Structures are given as structure tokens and as C-alpha cells.
1. Kindly provide the set of residues from the stretch A:93-124 that are more than 24 Å from A:R177 (Cα to Cα) and among the β-branched types (V, I, T), ordered by number.
2. Which residues, counting only those in the stretch B:45-65, are of a type in the set (S, T, N, Q) and more than 17 Å from B:A99 (Cβ to Cβ)?
3. Quick one: what pairs do we get from the stretch B:217-237, first residue more than 7 Å from every other protein chain (Cβ to nearest Cβ) and at positive phi, second assigned to a loop (DSSP other than H, G, I, E, B) and at pLDDT 70 or above, C-beta under 8 Å, 6+ apart or different chains?
4. Among the residues of the stretch A:127-139, count how many are more than 8 Å from every other protein chain (Cβ to nearest Cβ) and either crowded, with 21+ Cβ neighbours inside 10 Å or within 26 Å of A:E175 (Cβ to Cβ) (or both).
5. Return yes or no: is A:L167 over 17 Å from A:L23 (Cβ atoms), crowded, with 16+ Cβ neighbours inside 10 Å and within 15 Å of the chain's Cα centre (by Cα)?
6. Among the residues of the stretch A:140-157, which ones are part of a helix (DSSP H, G or I) and surrounded by 14 or more Cβ atoms within 10 Å (Cβ to Cβ)?
7. Exactly one of these conditions fails for A:S129: (1) at pLDDT below 95; (2) out of contact with any Asp or Glu (no Cβ under 7 Å at 6 or more places or on another chain); (3) polar (S, T, N, Q). Give me its number.
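The values are calculated or read from the model by the stated rules, or taken from the named source; none is laboratory data. Just so it is clear, the model here is predicted, and its values are computed rather than measured. Positions of Cβ are backbone-derived with ideal geometry, glycine not excepted, and every protein chain shown enters the neighbour counts.
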Amino acid sequence: MAEHVILFAGPMGSGKTTAIETLSDIEVVATEAANTERDIVDKPTTTVALDYGEIVLGDEEKVRLYGIPGQRRFDFMWSILRERAEGMILLVNNDAPDAIATMIEYLDEFGELYERGGVVIGITRTDISRTPAVADYSRALAKARPGLVVPVLGIDPRSAEHMRMALMALIINIEMRETWSTREAETV
Amino acid sequence: MIGEGVDLYGGRRRGSLRGWIVEQQTALHNDISTERDAVENEQPVGWTSAAIAVHSILQIPIPMFLRLEPAGFGPITIDFRHHAFEWGTSLRDFPDEPATVLVETEPTTATEPPIFALPGQDLDRLLWTMGLHSFQDDRAFWLRPGDHYRLTRWPDLTSLDHTIDQMRMIAMLGNISLSVDQLAEAADVELAVAQRLVNALSLMGVIDSAIEAQARPVDAPAPAPSRGLFSRLRAKLGL
């Protein structure tokens, strides 16, 4: 069976579990535990190992959706899943303190995926905090990692339309990058 | 035509600015190759005149207000300092071909208060829609024939009405420089569809252009219909 692994990363409270629930064909397997950092994000539980959902494409193909924990003390899970991942949707909540720096920090952790064009950045909670603007993230990205343009989208993780769009943007960007880098290599 | 219509900003004059913009328009027209002589003799109308005004203002290092009034749809006010606009009409009701669009400009300063309550609406949404509806199926006046284009940032597609083909073309331009002809061929769409997209992205300022000789020497068209995961997901999701 063909499998594709897509990660959902981002800080606690950015909407990873909700995003997977929105996209998944199956009931999401969630590993939630009491949130011990309610001073940072005021929600009762948070993901400690991973969340898991699936999109089923016929009998022979699956897209596996893994949400990785937002708290850094669980970041051993990041390295396990990073190896298998084809792409990542990085969610950053716009109301987080220094959200743009948080985005750059995550991209440093997942630099290899980023270089393959395998990253979409979804800015969440823009209804709660209108700034920074989505374009501000793109500009910061262009400065921090010039030469590669990845999709940066304002996203509501509860919206099926938004999540489908983010997933499609991720996959088409990976496919285009693979296609053109192969052709560039052939040309040189 | 720029400068026509009533002065909405308390009668402050903007004659020299108007002259500057007309000069820019004229220069843009003259820069374009002679194959467009026929077009040059026509006055831009509708959204085309508005797009030219917006593009000209974006080149000016002076803060500026712009008011557009498509006939019958109420005024659109743009504050470029805040990348925002205000319009009583929803973009869902955007008129494809208004009989006229009055255009008025007004210089401001960095410190002058906004002319509508912020944050307003994201200007990208208006520029995207306007760009797709300007110049009919032709090249925007400021674009040069044969140029290659490369994306500098993805537009926020969740806030823009778009098609899957437009998303594919944006992904292509994010990964390689392509001319409009190459883009149309690679995406397997009509030339006019690719041209309208490039016009819109250019108006939004999210693509760079380079003359053909400076573009990377990849003999473009390859992809066309995707048979990969993208196409299977597209089918699954009914997009």
C-alpha cells in the first residue's frame, strides 16, 4: 500500500488536533493529557505523543496525518516522524507572543523538509489577533530563508475548505519542486 | 482616466501628482513593444484604468489615498500605507465590466490619520480580483513581452477566490521562472488564463520579472496534467 506521511506541527494551541480532525476520514486517535502550561495556553489538555488521522485514497493508498506535540519537552517525537514525512503543515497562532520568531524556530527544526518545498505555513487565530498580517510572515521568511517560496496561508483549522486548500497547496508545491529540480539537474 | 471625477478629499489639489501619474502611464505605454500600437490608441477603461492607476501609485515613493468608483457600485477607498481598502460592496458582487471606473488620487503623509476605520479589508483581495478583470485577455501595460516571472511570495489563497489551475500555476512560478506562454503550456490552460493570473500577481507585487536572457535556462514546459498525489487528492476531495 502506498503511504504518504504529512506532519502537523506548531506551538501548543495553534490548532493541530482540530486541523487533523477536519481532514481525517477516520476518527482521530488523540493522545491528550492535562496541560501543565496553562499560563502559556489556557486549554485543559494538550497532545503529548501524537494525534493520528487518515485520508483514504482507494484500497491502495493512504495519506497519514500526524500531529506532533507542541511542547518542546516532547520533541523526541519530532525526530522520529520527521524521517518519514513527505511534507508538513506548520500552524502558528497569530496571537502567540512573537509568532513570527516561533515560525522561524520551527522551520530551523524542519529545515530539510523546508528545502524540499515540503512545508505550508498556516497562520491561525487571525480572528483573535489581526496582526501580524499573513504577508508579514512571508516577508520574514524571505529574509530568513531567501531563495525558496513556500505557501503561507491564513487558516481556520475548523474549516474543511481551508484545510483542503492547505493540503493541496502543500502537495502541489512538493510535486512542482520535484519536477523542476529534476529538470534543472538534467539541463545542467 | 486618472484625475477625472469630483474631488472627494476636501478640495485639496493634486495637479502635479496627476501629471506625474499621466507621465508614468505614457512612459509605460511607450515602453511596450510596437506590436501594441493599436492598443495604445485606445483609452484604457473600466478596471484597466483602475489597475494602471494602482500600479502607478505603487511606484511612487509618496503615501497616497486612492478612490475608485465603478459605476453603480459605490466608492472604493484605498489606503496604501495600511495595505487596506474599504468598499460597501462585497467582492462577491464585483462587477466584471463596469461601464466606467472613476479614479481619484490624493497624496497624504505617513502620519495623517487613516481615512476609514482600520484594519479595513486586505488590499490583496481587491488587487487580485481587479488584476484578473483588467486588460481583458491581454498583457498588463507594464509587463514586457517575453519576460519570465517568478513568485516572491504566495498570495494568501484562503482569502482569495481561485481555481485549482490558478493554484497549480502559482506553485509553478514558485519553483521556476516561466514566461506566460510557458506557464500556459505547462499548466495546460489557455494563454489568456495564464496571462490574467500573471497580470493579477504583478498588480499585487508578488512576482518578479526578468528578461528572457536572464531567466534560468530550463527549457520549460513539463508538468501539464498531474497524475501524482495532487490529482488523486483533487478527485477524492471533489475539487
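1. Start the filter on the stretch A:93-124 by keeping residues that are more than 24 Å from A:R177 (Cα to Cα), which leaves A:93-102, A:124.
Across the stretch A:93-124, the qualifying residues are A:I100, A:T102, A:T124.
2. Within the stretch B:45-65, the first condition is being of a type in the set (S, T, N, Q), and the residues that meet it are B:48-49, B:56, B:59.
Residues satisfying the conditions are B:S56, B:Q59.
3. Here the result reads B:A224/B:D188, each pair linking the stretch B:217-237 to a residue that is assigned to a loop (DSSP other than H, G, I, E, B) and at pLDDT 70 or above.
4. Residues that pass the stated criteria total 1.
5. Values: over 17 Å from A:L23 (Cβ atoms): no; crowded, with 16+ Cβ neighbours inside 10 Å: yes; within 15 Å of the chain's Cα centre (by Cα): yes.
No, not satisfied.
6. The answer is A:A140, A:L141, A:A142.
7. Only one criterion is unmet by A:S129, namely (2).
Rundown of residues vs (1) of a type outside the set (G, A, S); (2) in a loop (DSSP other than H, G, I, E, B); (3) modelled with pLDDT of 80 or more, yes/no style:
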| residue | (1), (2), (3) |
| --- | --- |
| B:V189 | yes, yes, yes |
| B:A192 | no, no, yes |
| B:Q195 | yes, no, yes |
| B:A200 | no, no, yes |
| B:D208 | yes, no, yes |
| B:A213 | no, no, no |
| B:R216 | yes, yes, no |
| B:P223 | yes, yes, no |
| B:S231 | no, no, yes |
